[in-house]
Amino acid sequence: MLEIEHYIGRPSLAAEDGEWQLNLAPSLQVNLNNICELVLLTLEPRYCRLACHYQNINISVAKSGIATAQMLADTHSFRQSLYYRGQLSTIEITDANWVCIGDDYHRVSIPIVLSDARGGEVPFGYLELYYSQKHEFLPKDISTLNVLVRDITSHLEQHQHTIKLDQARELDQLVSEYNKDWIYVKDAKFRFIYANQAFMSLFPKDKQQDVIGNTNVKEPSGQEAQELLAQDEAAFKDGQYVSTQDVYTSAGQRMVYETVKRRFYNTSGKPHILCICRDITERENLIRQLKHANDDLDDFTHIASHDLKAPLNAIRRLLGWIEEDCHNILPTESQENLRLVVHRANRMYQLLEDLLSFAKIGRKDTTTKRIVLKTLVGDLTPLLDAPKEFTINVAPAELTVALVPFKTIMLNLLGNAVKHNDKTSPQINVGFREIQYFYVISIEDNGPGIDPKNFERIFQLFQTLKSRDEVEGSGIGLSVVLKHLNQYGGRIEVDSDGENGTTFTVYWPKPKHGAQQG
């Protein structure tokens, strides 16, 4: 869009004569015509015209007086040097750039320059005065021209604001009309004064014309009508009313709608309510499915806690008694087989424990605690079963976190780094830095590394890169890490070339203002 179109809209070609024309607001057109007539009365030219310079074309905006054929045929280019910059008294009105002399007229062209939103200048066009002979302007004439030019500028700049408002209203109207939500507005007497097409489509076509100007309350005794009236009254009184309703279609299908009614005041200060009614059936169905899934998970947790762990514990106790009583009398091969059975039973027990921990993730704890990172790692070190030659270096840092999930994440990542390290001088470096919204904790080891093609696989449930007989583990640890981070709005990254160690980088969200500290 050209800058000038913000003030006058887009000119169009008239079908009847092929002339360019402006479609100005009637009030603006009247005001500009009146200014041209005032010029005739006060400065006494034969003809006065306000012209807009649009794409090297002069388009008449307003005019008054009698023009000759030569006047109408004459055109001239708009010169940037003729910008109007203050009082006309500072400009030589008889300068050749201002004055054009024809066979039967003497023309004075006064440039009209508008201001844009950035304080710049927008060339608009000219106010042209045609005299029969050379005309000398007196000081009072210059003052009059200054006032008239300011009036023209003021009217055009005001029209720019009107155009912007009209465009905004048009956009709002389009958004409302094409919105699938039911949208309507009521006045203080609960009468519909606006309704979009989606809402209108609820009514039979022959009844739609009766909606605007009426209320919901067709039958005061109707329960539904009374409920709707009560909602409207609550919205007017409290400023807002929100409700969720189940609606059944004629085919028996259940639909769920959320209705928000909000009070607002129009430009006259009169209260109204805006109502937006949205179909949330799909969302509610997903919530219901999620609840069922969580219920199933709770059932599994109960089964794993009681029905699976109890017999497994009995088996482990029996194996322990057999190993204790028969260790010295069993052949070597049988001792090895018994040791393998005990090992597998213990692995099964650990798997159940890890599964229970994984299943219980989901109940978000918003309580946070200020911790020292080095102290936390020191508390976890005895649980890692690390060889005495293992070195763990921790960067100095203090951070505020939800302690239980953060501690679980660190334990799993440190445990992995210890468990898989195959070096004679194993080492872990725990780094720390802060960015705008996150604490960034890196756990870097000098182990065998992870092939980049396995970066996604390692976070999947029960996935291990080595046989469980080679490296003890359930394949759940990194899944637990990822699930905790997803729940708390964090993330994790992996970096490794598959040979020279691995770095896990955890982005843990900083606490929001007002978070509860324990």
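The values are calculated or read from the model by the stated rules, or taken from the named source; none is laboratory data. Keep in mind the model is a prediction, meaning the values are calculated, not measured. Glycine gets a Cβ as well: all are built from the backbone with ideal geometry, and neighbour counts include every protein chain shown.
I'd like to know if the stretch 449-460 contains one or more residues that are surrounded by 17 or more Cβ atoms within 10 Å (Cβ to Cβ) and at pLDDT 85 or above.
Within the stretch 449-460, one or more residues are surrounded by 17 or more Cβ atoms within 10 Å (Cβ to Cβ) and at pLDDT 85 or above.
For the subset of the stretch 104-134 comprising residues that are of a type in the set (Ser, Thr, Tyr) and more than 54 Å from the chain's Cα centre (by Cα), which member is surrounded by the fewest Cβ atoms within 10 Å (Cβ to Cβ)?
Ser132
Filter the stretch 232-266 down to residues that are in contact with an Asp or Glu (Cβ under 7 Å, 6 or more places away or on another chain) and either part of a helix (DSSP H, G or I) or not assigned by TED's automatic domain parsing to the domain that holds Asn214 (or both), then give me how many there are.
Adding up the residues that qualify gives 0.
Gly475 passes all but one of (1) of a type outside the set (Asp, Glu); (2) part of a loop (DSSP other than H, G, I, E, B); (3) at pLDDT 85 or above; which number fails?
(3)
Quick one: in the stretch 348-380, which of the residues that are more than 20 Å from Asp299 (Cα to Cα) and polar (S, T, N, Q) is modelled with the highest pLDDT?
Thr375
Select from the stretch 190-209 the residues that are over 31 Å from the mean Cα position of the chain (by Cα) and more than 22 Å from His272 (Cα to Cα) and write down the one among them that is surrounded by the most Cβ atoms within 10 Å (Cβ to Cβ).
Residue satisfying both the conditions and the ranking: Phe203.
So Leu413 clears everything in (1) out of contact with any Leu (no Cβ under 6 Å at 6 or more places or on another chain); (2) farther than 25 Å from Ile458 by Cα; (3) aliphatic (A, V, I, L, M) except one condition, right? Which one?
Every listed condition holds for Leu413 apart from (2).
Can you give me the number of residues within the stretch 40-53 that are in contact with a Ser or Thr (Cβ under 7 Å, 6 or more places away or on another chain) and either of a type in the set (Val, Ile, Thr) or farther than 14 Å from Leu129 by Cα (or both)?
Selection size over the stretch 40-53: 1.
Looking at the stretch 280-296, which of the residues that are closer than 22 Å to Tyr248 by Cα and hydrophobic (A, V, I, L, M, F, W, C) is nearest to the chain's Cα centre (by Cα)?
Ile280
Taking interchain pairs and intrachain pairs at least six residues apart, which have beta carbon atoms under 8 angstrom, with the first residue in the stretch 330-347 and touching a residue at least 24 places away in the same chain (Cβ under 8 Å) and the second surrounded by 12 or more Cβ atoms within 10 Å (Cβ to Cβ) and not in a helix (DSSP H, G or I)?
Close Cβ pairs (under 8 Å, with a partner that is surrounded by 12 or more Cβ atoms within 10 Å (Cβ to Cβ) and not in a helix (DSSP H, G or I)) amount to Arg347/Arg468; Arg347/Glu472; Arg347/Ser474.
Just one of the numbered conditions (1) outside the structural domain of Leu340 (by TED's automatic domain parsing); (2) at pLDDT 80 or above; (3) of a type outside the set (Val, Ile, Thr) is not true of Gln289; which one?
Here Gln289 clears every test but (1).
So in the stretch 412-433, with the set limited to residues that are free of Cβ contacts under 8 Å to residues at least 40 places away in the same chain and over 13 Å from Glu389 (Cβ atoms), which one is surrounded by the most Cβ atoms within 10 Å (Cβ to Cβ)?
Out of the qualifying residues, it is Leu414.
Tally up the residues in the stretch 316-352 that are of a type in the set (Phe, Trp, Tyr) and closer than 27 Å to Gly477 by Cα, please.
Of the residues in the stretch 316-352, 1 are of a type in the set (Phe, Trp, Tyr) and closer than 27 Å to Gly477 by Cα.
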